[in-house]
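Trainee: Quick one: the structure is below, questions incoming.
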Amino acid sequence: MCGEEEVLEGCGRVVEVLVVRASDIAKLLANPPEGDEVSLRFGKVFEEEYTLANHIYSETGYVHIPKWFTRKVAARLRAEGIYSRELVLKAYRAYAALLRAGVVGEKPRTRFREVTESLYVAAQPDLYDSSTDTYYEFKLYPINDYARKQAEVFAWVLGRPVVLVGLREGPGGYLTVEREVVQPPRELGVDVGRLREVAEVQEFCSDLKVPLHQFERDLERSSRYYLRYLEYVDLEE
């Protein structure tokens, strides 16, 4: 699909491919839950801050994460122009419910699976717990068909089960956790032609089968680690 192809060491040829996101496939298979703009933005803020809080705790063991998380969410909601005490309380309750349910881990890297030549499906569940070797996808609403279909696509790409977690709100705002283990389907159940219609063009490394931007980010990270190592060696000498 490229004209003049670039070749990079460790990456191979830089080629253009079509990539479909798991959420777009889920929308072809089931109706996504309806929500107002505030709910959608709140969900995005919560997901980002919850995964970040997991990362910080795993790296530092910082005991004041709940207080830090609440303040961070409040600041983000103010920046988004949707702050309310009710949303901050909802975020804290969801945080506590997910922790009690053991939904912890780090944000995993995006994984890709080839459907046909130059057509890939991308999957990035919310969390991966290396201590239990478990992938999690969590929702701030009860589990529905859309959530299941999205988790099925994740499982299909990963080739392994994904634990789907939903939160159901009861009287007084109390949250109960719903949990399902979603197995990989044998097929996606979507025609290739429809996948191509919702796919986006991305530059891929032909040898690694990963996006060029991911390869470049990993290369930059490796360079930073190597420079830190050299600084350490210099201090030791």
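Trainee: Out of region 136-191, which GluC sites (Glu not before Pro) are coil in DSSP terms and have no more than 15 other C-beta atoms within 10 Å? Kindly include the intermediate steps, with their values, before the conclusion.
Mentor: Numbers: sites: E137, E152, E169, E178, E180, E187; in loops: E187.
Listed in order of number, the matching sites are E187.
Trainee: Give me the number: length gained by fully extending H213 to A96, i.e. 0.36 nm times residue separation minus the C-alpha to C-alpha distance, one decimal in nm.
Mentor: Result: 38.6 nm gained on full extension.
Trainee: Could you list V163, V210, V153 in order of exposure, starting from the residue whose Cβ has the fewest other Cβ atoms within 10 Å? Please report the intermediate quantities before stating the final value.
Mentor: Working: V163 22, V210 18, V153 29.
The order, fewest Cβ neighbours first, is V210, V163, V153.
Trainee: Relative contact order (percent) for the chain, with alpha-carbon contacts under 8 angstrom and 6 or more residues of separation? Intermediate results must be reported in sequence, preceding the final value.
Mentor: Working: 347 pairs, mean separation 59.5, N = 237.
Worked out over the chain, it gives 25 percent.
Trainee: So for W156, W68, fewest C-beta neighbours within 10 Å to most, what's the order? Please list the in-between numbers first.
Mentor: Details: W156 24, W68 16.
Least to most surrounded, the residues fall as W68, W156.
Trainee: Starting with the fewest neighbours, write out D36, D129 ranked by other beta-carbon atoms found within 10 Å of each beta-carbon. Write out the running numbers ahead of the final one.
Mentor: On the way: D36 8, D129 18.
Ascending Cβ contact count within 10 Å gives the list D36, D129.
Trainee: In addition: Please give the calculated 222 nm ellipticity per residue for the chain, where each DSSP H segment of at least 4 residues contributes -39500 (n - 2.57) and the sum is spread over every residue; nearest 500 deg cm²/dmol? List each step's numbers first, then the result.
Mentor: Numbers: 7 runs with 110 residues, N = 237.
Taking each H run of at least 4 residues, the total per residue is -15500 deg cm²/dmol.
Trainee: Only sites in a loop by DSSP and with at most 16 other Cβ atoms within 10 Å count here; which trypsin sites (Lys or Arg not before Pro) in region 108-192 make the cut? All intermediate terms of the calculation are to be shown ahead of the outcome.
Mentor: Numbers: sites: R109, R111, R113, K139, R148, K149, R168, R179, R186; in loops: R109, K139, R186.
Passing sites in region 108-192 are R109, R186.
Trainee: Would you mind checking region 18-33 for residues with the amide N under 13 Å from a putative spin-label position 7 Å along Cα→C-beta of N144?
Mentor: Within reach of a label on N144, which here means backbone N under 13 Å from a point 7 Å along Cα→Cβ, region 18-33 contributes 27, 30-33.
Trainee: Here is a follow-up. Please give the contour-minus-distance gain from E180 to A75: 0.36 nm per residue of separation, less the Cα-Cα distance, rounded to one decimal in nm.
Mentor: Numbers: separation 105, 0.36 × 105 = 37.80 nm, distance 3.27 nm.
Taking 0.36 nm per residue and subtracting the Cα distance, the gain is 34.5 nm.
Trainee: While we're on this one: Restricting attention to region 3-49, which GluC sites (Glu not before Pro) occupy a DSSP loop and are surrounded by at most 11 other Cβ atoms within 10 Å?
Mentor: Details: sites: E4, E5, E6, E9, E16, E34, E37, E47, E48, E49; in loops: E4, E5, E9, E34.
Hits after loop and neighbour filter: E4, E9, E34.
Trainee: Separate question: Hey, how many Å between the Cα centroid of region 41-90 and the Cα centroid of region 95-172?
Mentor: Each part reduced to its Cα centre gives a spacing of 19 Å.
Trainee: Next up: Kindly work out what percent of the DSSP beta bridges joining two residues of the chain are antiparallel, to the nearest 5. Could you put the intermediate results ahead of the total?
Mentor: Details: 28 of 35 bridges.
So the antiparallel bridges in the chain amount to around 80 percent.
Trainee: Something else about it: Give a residue-ordered list of calculated ³J(HN,Hα) values for region 169-186 (Karplus: 6.51 cos²θ - 1.76 cosθ + 1.60, θ = phi - 60°; whole Hz; x for Gly, Pro).
Mentor: Rounded to whole hertz, the list is 8, x, x, x, x, 5, 10, 10, 9, 9, 9, 9, 9, 9, 7, x, x, 6.
Every number here is computed from the coordinates shown, using simple stated rules; none is lab data. On a predicted model such as this, the values are computed, not experimentally measured, just so you know. No Cβ is skipped: glycine too gets one built from the backbone with ideal geometry, and neighbour counts run over all protein chains shown.
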